[in-house]
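Read the figures in this text as sums done on the coordinates, not as results from a lab. In this text, all values refer to a predicted model and were calculated from it rather than measured experimentally. Neighbour counts are summed over all protein chains in view; Cβ atoms, including those assigned to glycine, are modelled from backbone coordinates with ideal geometry.
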Amino acid sequence: MADVNMTLDMVQASQAGMKAIGAGLAVGLTGVGTGVAEMGIGAAAVGAIAENKDFFGLGLLFTVIPETIVIFGLVIALLLLF
C-alpha cells in the first residue's frame, strides 16, 4: 500500500522535480526538432550555394530560421522554472 503521509517538503521537492523535467523536455525536444529540420535545409542550402554563389544569403537565412525554435523552447523552460 502506498504511503499517503507525504510531508510538505516531499510535495515541494516533487513539484520542483517535475518542473525541472518539463524544462529539460522543452529544451531537449526543441533541440532535436531543430536538428532534424536543419538536416534537410542545410544539405539543400549547401547544394544550392555550390551551384550558384548568389544563394549564400538566402541559404544562410533558411538555415538560421529553425534555430529560433530552440530559443522559444528556452523561454518556455525559463517560464517553467521561475
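Within the range 62-79, the set of residues being in a helix (DSSP H, G or I), touching a residue at least 24 places away in the same chain (Cβ under 8 Å) and not small (Gly, Ala, Ser) comprises THR63, GLU67, ILE69, VAL70, PHE72, LEU74, ILE76, LEU78. Looking across GLY28, GLY42, one residue alone is surrounded by 12 or more Cβ atoms within 10 Å (Cβ to Cβ), out of contact with any Ser or Thr (no Cβ under 9 Å at 6 or more places or on another chain) and assigned to a helix (DSSP H, G or I). It is GLY28.
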